[in-house]
Amino acid sequence: MEVYLLRHTRVALGGQYCYGISDIDLADTQQEDIQELVAKLDGIHFDRIYTSPLKRCKALASAMSRSADVEDALTEMDFGDWELKKWSEIGREQLDDWMNDFVHIAPPMAETYLAFSRKSVTFFNELIAGAGKKDKVLLITHSGPIRAIICHVLNLSLSRAFNFEVDYGSISKIEVVDNWNKVKYLNVQGGRL
């Protein structure tokens with residue numbers, strides 16, 4: 001089985017903002033960005049496609065297929081009171097506390113990364129348990145779920161989730177052979193696969 005993890009394309013909001021579960025728009029270059037990804041995946045037949053319910057993923061899913069299944073477990077993390085605030089507007093002490101243990105400490109009115117990651121990992125485990133050996137599945141999602149799934153597959157502590165990049169429009173691939181999961185590639189951009 002092959003599982004492709006595709007992060008949505010660039011967003012309209014700049015990197016100075018904290019966002020997760022907020023349903024924000026894609027960048028003005030969304031059509032070009034999406035077409036580049038569709039071309040990159042050209043020739044790969046997916047048995048199933050799942051997408052986050054957020055519009056930044058659904059736009060890509062609709063360009064890929066008319067039959068993508070919406071999956072809540074692929075939604076990005078809820079940052080609670082920090083959603084759509086500039087990082088510079090969040091209190092330095094509060095932000096430092098969270099950054100020192102983002103796995104177990106939640107932003108105000110939000111969820112911990114540990115609780116959040118369980119949803120994505122549970123979905124991934126159920127997906128591979130019910131799939132055929134030759135299935136190819138595409139998950140269109142966000143960096144949070146991708147990081148959680150990659151950490152799970154590599155048996156890494158969630159505290160290492162930011163030790164690798166997951167760029168906009170990047171593709172990662174997991175291969176499952178006889179109950180053995182391995183990362184085939186991570187954060188691939190540009191060119192064809």
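Yes or no, residue by residue, for (1) within 14 Å of residue 140 (Cα to Cα); (2) of a type outside the set (A, V, I, L, M, F, W, C):
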residue: 27; (1), (2): no, no
residue: 45; (1), (2): no, yes
residue: 64; (1), (2): yes, no
residue: 75; (1), (2): yes, yes
residue: 88; (1), (2): no, yes
residue: 101; (1), (2): no, yes
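Within segment 59-105, if we keep just the residues that are small (Gly, Ala, Ser), more than 19 Å from residue 9 (Cβ to Cβ) and surrounded by 15 or more Cβ atoms within 10 Å (Cβ to Cβ), the residue that is nearest to the chain's Cα centre (by Cα) turns out to be 73. Screening segment 136-193 for strands (runs of 3 or more DSSP E) wholly inside it with 2 or more residues that are over 16 Å from the mean Cα position of the chain (by Cα) and closer than 20 Å to residue 48 by Cβ returns the ranges 171-177, 180-188. Only residues that are surrounded by 14 or more Cβ atoms within 10 Å (Cβ to Cβ) and not charged (D, E, K, R) were counted across segment 24-43, and they come to 7. With the condition kept exactly as written, say whether any residue in segment 3-10 is farther than 17 Å from residue 173 by Cβ and touching an Asp or Glu at 6+ places or on another chain (Cβ under 7 Å). Scanning segment 3-10 turns up at least one residue that is farther than 17 Å from residue 173 by Cβ and touching an Asp or Glu at 6+ places or on another chain (Cβ under 7 Å). Can you find a residue in segment 138-145 that is more than 18 Å from residue 56 (Cα to Cα) and not acidic (Asp, Glu)? Taking every residue of segment 138-145 in turn, none turns out to be more than 18 Å from residue 56 (Cα to Cα) and not acidic (Asp, Glu). Do we find that residue 133 is under 20 Å from residue 2 (Cα atoms), part of a loop (DSSP other than H, G, I, E, B), basic (Lys, Arg) and in contact (Cβ under 8 Å) with a residue 12 or more places away in the chain in this structure? The answer is yes for residue 133. Condition check for residue 156 on (1) within 22 Å of residue 36 (Cβ to Cβ); (2) without any contact (Cβ under 8 Å) to a residue 40 or more places away in the chain; (3) among the aliphatic types (A, V, I, L, M): one failure, at (1). On inspection, residue 114 fails the criterion of being closer than 15 Å to residue 174 by Cβ and in contact with a Leu (Cβ under 7 Å, 6 or more places away or on another chain).
Residues that are farther than 25 Å from residue 46 by Cβ, surrounded by 14 or more Cβ atoms within 10 Å (Cβ to Cβ) and aliphatic (A, V, I, L, M) within segment 106-143 comprise 106, 110, 114, 115, listed in sequence order.
Readers should treat all values here as calculations from the given coordinates under stated rules, not as data from a laboratory. Since this is a predicted model, take the numbers as computed values, not measurements. Note that we place each Cβ from the backbone using ideal geometry, even for glycine, and neighbour counts take in every protein chain shown.
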